[in-house]
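A.B. asks: Here it is, the structure in full.
Read the figures in this text as sums done on the coordinates, not as results from a lab. Not measured: the values here are computed from a predicted model. Cβ sites come from the backbone with ideal geometry, for glycine too, and all protein chains shown count toward neighbours.
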Amino acid sequence: MDRQKEFVLRTLEERDIRFVRLWFTDVLGYLKSVAIAPAELEGAFEEGIGFDGSSIEGFSRVSEADTVAKPDPSTFQVLPWTTSAGRHHSARMFCDIALPDGTPSWADSRHVLRRQLNKAADQGFSCYVHPEIEFFLMKNELAADGLTPIPADNGGYFDQAIHDSAPNFRRHAIDALESMGISVEFSHHEGAPGQQEIDLRYADALSMADNVMTFRYIVKEVAINEGVRATFMPKPFADHAGSAMHTHMSLFEGDTNAFHNPDDPLQMSDTGKRFIAGILTHAPEISAVTNQWVNSYKRLVHGGEAPTAASWGSANRSAMVRLPLYTPNKASSRRVEVRSPDSACNPYLTFAVLVAAGLKGIQEGYDLPEEAEDDVWQLTAAERRVMGYKELPGSLGDALREMEKSELVAEALGEHVFDYFLRNKWSEWSDYRSEVTPFELKRYLSL
């Protein structure tokens, strides 16, 4: 750690960095930042930066507001923005949040995930994650109704030449990410107008959660520079698919992929099968975390391209959990793809509950149900019940009722985050239920 601190301090001096931005994430997944001068950083490493935790969503009450942000030097990166003279002027580090006595804050999303990864480590596992992050690019103006956003292009899936309003967006975004050490594996136009997908190369789960937060910040900044806006809203258009964050996961025991078994027809080990069974069994109760907004459930609808039932399949894109078969004989690539999370989730909490559910399946020896070979999207609710598929919550309210009963989620998030998250989300659901929408006025006003 001391060598990392020395590297940070030396880099600031050598590259004449003027500002260091200390980042952390609140319970709802919003990025928070405080900027300090490089001269203050040595003190920040030793004592942290104090701030009013009662002003941050879910952190602390007014009576216990003092909170400390402690920068993690291993996350140091120079931000890609340059001055007119071509010099980089700022860098960033993620922070761990602590109480004044130095103990970790139970409201810190990074701490929630680290605690869960430590439980995995106690069982001999390290967890790696590879997300496919979808989002929309929008024009700056709205449609004639003054409400509806306008996509930045009219492209479709894998279209090459559709760059109407932001011709260099993906190239510039990837350049910026790569300059910060965040490796991009693929990028392409997604199926809906204006919809993009950028896939990050796998990393350990904590680093990847940091990377997802950085990704969202970088993408929004690059979009503004290109004259458009980026949104990670799960479902901005009723007539087009929403934005997912399909999450590929694998557990390793040292250098060995714990999900791989060369003698199995699907080359999936018992550990991997039980991990999948854990996610399927606990899918309804973790849904409020993986899909945390009212709007998230406009994406998770029957007949759409997102899962609505807890099912699994090999190469079946209608299932909630999929076994990718791109490289069937490559042991290190054996993984599971969870297709329910959307790109507006808190990645720390999302990875934490997914790991918790999977580990529960391994610990308890859950049996994996029959593989879904049908197009689950096309089955009726009655057909799903007959086939034994567990329905996923159809609204935020349904998801919160499932979460409230969950010992697994309460333990994974910790009492403070669990209670705050539920209070905040019940308030959101109450506000939504009392709202009179344009849909209702259009359909019912004539009555």
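A.B. asks: Among ALA258, ALA39, ALA152, whose mean-square fluctuation peaks in a Gaussian network model of the chain (Cα, cutoff 10 Å)?
C.D. replies: The residue that fluctuates most here is ALA39.
A.B. asks: Given [x] 168; [y] 264; [z] 209, which label gives volume of the Cα convex hull per residue in Å³ as computed from the coordinates?
C.D. replies: [x]
A.B. asks: On to the next question. So in the chain, what percent of DSSP beta bridges are antiparallel if you round to the nearest 5?
C.D. replies: Here the share of antiparallel DSSP bridges comes out near 85 percent.
A.B. asks: Next question, about the same structure. What ranking, highest mean first, results for peptides 68-78, 401-411 when packing means the other Cβ atoms within 10 Å averaged over each residue?
C.D. replies: 68-78, 401-411
A.B. asks: Given +1 on the Cβ of Lys and Arg, -1 on the Cβ of Asp and Glu, and no further charges, what dipole in debye does the chain carry about its Cα centre, rounded to the nearest 20?
C.D. replies: 480
A.B. asks: Can you tell me which of PHE51, PHE136, PHE169 moves the most in a GNM of the chain? Springs connect C-alpha atoms under 10 Å apart.
C.D. replies: The residue with the greatest mean-square fluctuation here is PHE51.
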